[in-house]
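Read through the structure below, which is laid out as structure tokens, and then see the notes.
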Amino acid sequence: MAAEGELAATSSLSTTRVFKKASPNGKITTYLGRRDFIDYGSNIDPVDGVVLIDPEYLKDRKVYANILAAFRYGREDLDVLGLTFRKDLFGTTVQVYPPVSENERPLTQLQTRLMKKLGSNAYPFYFEIPQDAPSSVTLQPAPEETGKVTHVLLSKPCGVDYELKTYVGDTDQEKAHKRNSVRLAIRKLTYAADESAPQPRAEVSKDFVMSSGKLRAEASLDKEKYYHGENISVNLTIDNNSGKKVRKVHISGECSSLLIWCRLCSCFGSLISVHSQLSSL
């Protein structure tokens with residue numbers, strides 16, 4: 001069934017590409033113009049779309065849209081002594097149907113065209129992702145991490161993921177049922193402008209016991225920023241003024257990600273209260 005896929009279908013509305021996915025019972029359908037939303041530093045692309053509903057099915061119930069960003073550092077269904085390997089980082093919910101006056105805002109061009117095409121049962125939703133929300137990141141296990149424990153914990157790629165969910169319920173706190181809900185994976189990406197910058201460079205020297213002179217090595221890269229799929233060229237210069245012979249050179253790369261789980265104001269507030277208690281003892 002089309003409703004059971006990660007992304008149900010794509011359709012063409014004039015010259016606009018639209019992503020579409022329906023709930024398993026076909027009573028609500030979500031439309032998005034894109035799945036990737038770019039963080040330009042000064043602003044972030046808004047998440048705007050439309051939900052097509054069946055009023056006869058809803059009766060007195062409501063339709064909500066929710067965005068959730070989470071950091072997954074283990075298998076989602078793994079539960080050991082109440083410990084889960086998933087941390088929610090950011091989440092927000094809006095009521096789509098019936099429309100709420102405080103949520104009303106001017107329609108985007110995509111929403112205007114979709115609602116004109118879909119008719120009176122189409123309702124818009126709009127989200128603004130906070131500036132401090134993390135970007136989507138996928139952490140792939142290294143080839144050597146094939147042990148039994150690692151295989152259990154990292155059976156799926158870890159990282160930060162975003163999910164857009166539209167569902168039917170009496171309240172926004174009600175648990176969404178699979179039959180009348182739609183889930184779409186989206187991504188928040190960071191735009192990296194190709195700006196000129198000094199070439200990264202590092203130098204190291206080493207002295208040897210019972211040998212005069214030093215061994216000096218200098219490594220540099222062609223540029224500071226690389227995009228996915230690009231080759232990284234390393235320029236290596238070795239100046240050997242010692243009596244030792246250089247037989248092998250090993251070059252390795254390391255990719256690290258810094259994830260902040262809480263706002264700075266909350267962290268500093270708790271630290272101040274702890275120090276004040278300690279100083280009073």
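Backbone amide hydrogens, once placed in the peptide plane, bring Thr92 within less than 5 Å of Ile67, excluding anything fewer than 5 places away on its chain.
On full extension, the segment bounded by Thr237 and Arg17 gains 74.2 nm, given 0.36 nm per residue less the C-alpha separation. Counting only protein heavy atoms and using a 1.4 Å probe, the accessible area of Tyr126 comes to about 50 Å².
Heavy-atom accessible surface of the stretch 16-67, averaged per residue, reaches 42 Å², computed with a 1.4 Å probe. Residue order by solvent-accessible surface for Arg183, Arg113 is Arg183, Arg113, largest first, with ligands and nucleic acids left out and a 1.4 Å probe.
Of all the accessible heavy-atom surface of the stretch 182-237, with the other protein chains kept in place and a 1.4 Å probe, what percent is carbon and sulfur?
Details: 2220 of 4310 Å².
Solvent-exposed carbon and sulfur of the stretch 182-237 make up 52 percent of the total.
Pairs to check: Lys87/Lys117; Lys21/Lys223; Lys165/Lys225; Lys20/Lys87; Lys20/Lys223. Give those whose C-alpha atoms are more than 30 Å from each other in this structure. Those over the limit are Lys87/Lys117; Lys21/Lys223; Lys165/Lys225; Lys20/Lys223. Taking amide H as placed 1.01 Å from N in the peptide plane, Arg34 has its amide H under 5 Å from the amide H of Phe19, each at least 5 places away in sequence or on another chain.
The values are calculated or read from the model by the stated rules, or taken from the named source; none is laboratory data. Just so it is clear, the model here is predicted, and its values are computed rather than measured. Surface areas here come from the heavy atoms of the whole protein model, side chains and all, with no ligands, DNA or RNA. Shrake-Rupley method; radii C 1.70, N 1.55, O 1.52, S 1.80 Å.
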